[in-house]
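For reference, the structure is listed below as structure tokens.
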Amino acid sequence: MRSADPEVMRLLGDGVRGESSMVINSFHSVTGAPQERHELKQSLTTLPLVGLTFFAVCGAAFGIEDAIKAAGPLYCILAILIFPWLYSFPLALITMELSTAIPENGGYIVWADRAFGSFFAFQNGVWKIASNAVNLALFPVLFSSYLHDIFPWAHEHFGHTAWWAVGMLSVFVTSLLNFHGVEDVGRAAVWFLFLVLLPFIFMFGFGLPHISFSAMVETLPASTNVHWGMLFIVVLWNNSGYDNVGVCSGEIKNISTTFPKAIVITLFLVIATYLLPVMVAVSYARDWTLWSAGYLPQVAEMVGGRWLGVWMGITGSFSALGMLNTLLCTSSRALGCMADLHFFPKFLGSLHPKYNTPYIAIACNSLFVSIATYFLNFQAIVQVNGFMYALTLLMEYSAFLWLRYRQPELHRPYKVPLSTLGCCLMCIPPVALCLTQMALVDSLSLIISASTVSLALLCYIPLYIFGGGRWPAHLFSKDINTTMSSSFLPYAGSAFFPKHFKDSQEDPETDPDHVYNPPSTSLSDLSTDIDSSPNHNNVSYPDSPVSSVCSGVTEPLKRVRSSFSGSNGIGVVSNERETSEIHLINLDDD
């Protein structure tokens, strides 16, 4: 391989992806959107990422009880064994491919933007944020309800407001963790993982000699109808969430190896977490009519005594705390991504000056949870979340297939080992399950979900009218004078002061947030232009996103050309979909 100049490689910096390709994308999003770039610390390693993914998906076997009541042990165990491979495994695969190919915070929003543009990215972002919001409201309820069951003497002393305050304690603790950064969130997830799995290990150990195969193959009595819809929704809900961790892609260390490893470990861990406790539990508690949410602590008491039952109940609260901790992390980064892509107000993407976390997005999510937890109904939360989540998954599968078809050259450190046709076939079962899940929600949840979809469509209209799909970069400037003179007024007041507003929009010197998008040109042409410039040692473009690379670095750019313009390499500065990037591809086929 022909070696490149060391100074050139230093300038190109973090864009190196192996020896055969690199992408420099330090100014605009790889999607082409005018995304604000933040220097994020890539600190998530395999074990913390396993903890985050585990709590994004299940958080232990709590919640599976209703599936046993709905269909009996046999069908529940079959669903636990089959659904992850039809539903979760394809989602895990596409999450691995897209997250390693586009390692940016934002995940599913960025994927939709890259594939379909601003309209579908905005819709997908609003759907997912709505899904996350109602899901977040569920976990403080679970946290307080498990404590409620452990301490029955408190029933008569505490009312609804008091138990709501107990749930708010979980919001406060997880908000503090999230303010301190994803590294602390990951460490906490590892500890939560250890705490929630330990009592299940004891339960399985005590119950292993008493496992009854005949109990595991039982079905409901002939006189009792199987509630297929409930079985379906509960098992899918307990195996969803692998795509959520894709939102943290920009903060994962060595993502091309760390992310796939963590996803695969979590997939098998989740299956074991559901299967092994259920095998023991159905061998002890064989009256299926008693099974409902929160029944596992009682079964644990049958297996190991009162101490194990109390421990299991406390573990339920830790499980809810771990899931709230993870989802608050991922949903806040989704909210920040929407701001960075100029879909939401700019301040939502602001990072804490010390911890580099989206602290305003975290605070907004926490505030919403505090209010929604007091009013929302538990069943409504589950069904609305299921509908909205299924809708976002349809968008994610579509983006995955479209990018496979339209951008086969996109560098994918991990690639699903199937052809495009094979990927289409792989996506059929999860898409069918998503559509079925959407069809099973009740009328109230359907109305709420349809209202959310309609609201997302309506909210896009002003984005399209005033910004062509995104709010202008300066619209939500922290400087109120800049906001008033160069955001809404150019549209509303140009009839009265046409010259002022025209000049303020067109003159880069009066528009501090003006973005210059250079035309697509080859690197050799760029270097030639620099050579012919009278001030070629100090060439710059006004407010250009490539000016920091071009200004004052004529010689390094010449060395870029000489280092990579041989028969084995081509350098290109492209502007596809308003993206300013330097691609160095196929440097050496060897």
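When all alpha carbon pairs of region 388-470 are counted in 10 Å bins from zero, the resulting P(r) reads 14, 32, 30, 23, 1 %.
Please give the peptides 177-187, 361-371, 458-468 ranked by average Cβ packing (other Cβ atoms within 10 Å per residue), highest first, as a rough proxy for protection. Can you show the working numbers first?
Numbers: 177-187: 21.5, 361-371: 19.5, 458-468: 13.1.
Put in order of decreasing packing, that is 177-187, 361-371, 458-468.
As an exercise, find the ratio Rg/Rh for region 230-281 from alpha-carbon atoms, using the Kirkwood inverse-distance average for Rh. Show your work: numbers first, answer last.
On the way: Rg = 13.9 Å, Rh = 12.8 Å.
With Rh from the inverse mean 1/r over Cα pairs, Rg/Rh is 1.09.
When the P(r) of region 280-326 is calculated, the portion above 15 Å amounts to 47% of the C-alpha pairs.
Peptides 415-425, 63-73, 263-273 ordered by packing proxy, namely the average of other Cβ atoms within 10 Å per residue, highest first: 63-73, 263-273, 415-425. Positive contributions from Lys and Arg (+1) and negative ones from Asp and Glu (-1), summed over other residues with Cβ under 15 Å from the Cβ of S131, come out at 0.
Could you sort R412, R286 by their accessible area in this structure, using a 1.4 Å probe and putting the largest first? It would help to have the intermediate numbers written out before the result.
Details: R412 25, R286 105 Å².
Highest to lowest solvent-accessible surface, that is R286, R412.
Normalised by the number of residues in region 294-429, the mean separation of alpha-carbon contacts (under 8 Å, six or more apart) gives a relative contact order of 11 percent.
Across region 166-310, how large is the tail of the calculated P(r) beyond 22 Å, expressed as a percent of all Cα pairs? If you can, show how the numbers build up before the last one.
Working: 5792 of 10440 pairs.
Above the 22 Å cut-off, region 166-310 has 55 percent of its Cα pairs.
Debye-formula intensities of region 65-136, expressed as log10 I(q)/I(0) at q = 0.11, 0.14 Å⁻¹, are -0.44, -0.65 (one equal scatterer per alpha-carbon, no solvent). Computed over region 279-416, the P(r) curve from all C-alpha pair distances, binned at 5 Å from the origin, holds 2, 8, 10, 12, 14, 14, 13, 10, 8, 6, 3, 1 percent per bin.
May I ask for the percentage of alpha-carbon pairs in region 103-219 that lie more than 26 Å from each other? Roughly 51 percent, rounded to a whole number. Per residue, the convex hull spanned by the alpha carbons of region 266-346 comes to 126 Å³. Database remark: amide H of F344 closer than 5 angstrom to the amide H of A339 (H placed geometrically; neighbours at sequence offset of 5 or more, or on other chains; Pro and chain starts carry no H). Across region 412-426, coupling constants 3J(HN,Hα) worked out from phi with the 6.51/-1.76/1.60 Karplus curve, θ = phi - 60°, read 10, x, 10, 10, 4, x, 9, 6, 4, 5, x, 5, 4, 5, 4 Hz, and Gly and Pro carry x.
Both radii come from the Cα set of region 181-255: Rg as radius of gyration, Rh as Kirkwood radius; their ratio Rg/Rh reads 1.14. Set the Cα radius of gyration of region 423-476 against 2.2 N^0.38 Å, with N its number of residues, and you get 1.70.
The values are calculated or read from the model by the stated rules, or taken from the named source; none is laboratory data. This is a predicted model, so every value here is computed, not measured. Heads up, the Cβs are rebuilt from the backbone with ideal geometry, glycines too, and the neighbour counts pull from every protein chain shown. Calculation scope for accessible area: heavy atoms of the full protein, side chains included, ligands and nucleic acids excluded. Shrake-Rupley method; radii C 1.70, N 1.55, O 1.52, S 1.80 Å.
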